[in-house]
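Some notes on the structure that comes next.
The values are calculated or read from the model by the stated rules, or taken from the named source; none is laboratory data. Given the structure is predicted, the values throughout are model-derived calculations rather than measurements. Heads up, the Cβs are rebuilt from the backbone with ideal geometry, glycines too, and the neighbour counts pull from every protein chain shown.
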Amino acid sequence: MTDKPQPSKRTTDTPSEGFTEDERAAMKERARELKAAKRRSGAADKAAEDEKDVLAKVAELPEGDRALAERVHALIRATAPSLLPRTWYGMPAYAKDGKVVCFFQGAEKFKARYATLGFSDQANLDDGDMWPTAYALTELSDAMEARVKELVTRAVS
């Protein structure tokens, strides 16, 4: 007799608690983005196409998310021109040296109650042993726009 592990058998008819339909759609969108990036040739062509893709994704967003995304896009482009726009899981993102530094996620994407401005581990926002990497956005007042500018400036420093 061998002690080989036996494959587990499903004992219930309940569906798996894996990825949601929205999460699977985002992953498929990311795969499409990667394929499209491979097809693009020169750096100038790629940057122009990437920005065009970002603006198209922003235009597809529902009205509230679209207004926030348009303003965030303008703020990031003005504050950190070194960050290049690209799509990331179907949402606007901004990269430095090919790595995403920050991104916008609309509320509707995952049926959340607020949009999100997020920062990856590439962002220079470190502050001690714990710091925020995502911010809820419901509107962009002058004070919030100043905060976004400050965060983006720090992120790329």
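Let me spell it out: the conditions are (1) in contact with a Pro (Cβ under 9 Å, 6 or more places away or on another chain); (2) free of Cβ contacts under 8 Å to residues at least 12 places away in the same chain, and R113 meets all of them except one. Which number is the exception?
Result: R113 passes all but (1).
On the phi < 0 side of the Ramachandran plot, free of Cβ contacts under 8 Å to residues at least 60 places away in the same chain and touching a His at 6+ places or on another chain (Cβ under 7 Å) - does that describe any residue in region 89-96?
yes
Of the residues L75, L61, L83, which is hydrophobic (A, V, I, L, M, F, W, C), under 19 Å from E29 (Cβ atoms) and touching a residue at least 40 places away in the same chain (Cβ under 8 Å)?
L61
Looking only at region 85-121, count how many residues are surrounded by fewer than 16 Cβ atoms within 10 Å (Cβ to Cβ) and within 17 Å of D50 (Cβ to Cβ). Walk me through how you get there before you give the answer.
Initially, region 85-121 is screened for residues surrounded by fewer than 16 Cβ atoms within 10 Å (Cβ to Cβ), giving 97-99, 108, 110-114, 121.
Right, trim to within 17 Å of D50 (Cβ to Cβ) and you get 97-99.
Summing the residues that are surrounded by fewer than 16 Cβ atoms within 10 Å (Cβ to Cβ) and within 17 Å of D50 (Cβ to Cβ) in region 85-121 gives 3.
Of everything in region 25-51, what is modelled with pLDDT of 80 or more and within 16 Å of the chain's Cα centre (by Cα)? Give them in sequence order.
Within region 25-51, A25, A26, M27, K28, E29, R30, A31, R32, D50, E51 meet the criteria.
Count, please, the residues in region 80-113 that happen to be under 26 Å from D22 (Cα atoms), small (G, A, S) and part of a loop (DSSP other than H, G, I, E, B).
Residues in region 80-113 being under 26 Å from D22 (Cα atoms), small (G, A, S) and part of a loop (DSSP other than H, G, I, E, B): 4 in total.
Going through region 114-157 one residue at a time, which ones are assigned to a helix (DSSP H, G or I) and among the small types (G, A, S)? Give the derivation first.
Let us first name the residues in region 114-157 that are assigned to a helix (DSSP H, G or I), namely 142-156.
The answer is A143, A146, A155.
Quick one: E70 ticks every box in (1) of a type in the set (D, E); (2) surrounded by 11 or more Cβ atoms within 10 Å (Cβ to Cβ); (3) more than 24 Å from A155 (Cβ to Cβ) bar one, so which box is it?
For E70, the failing item is (3).
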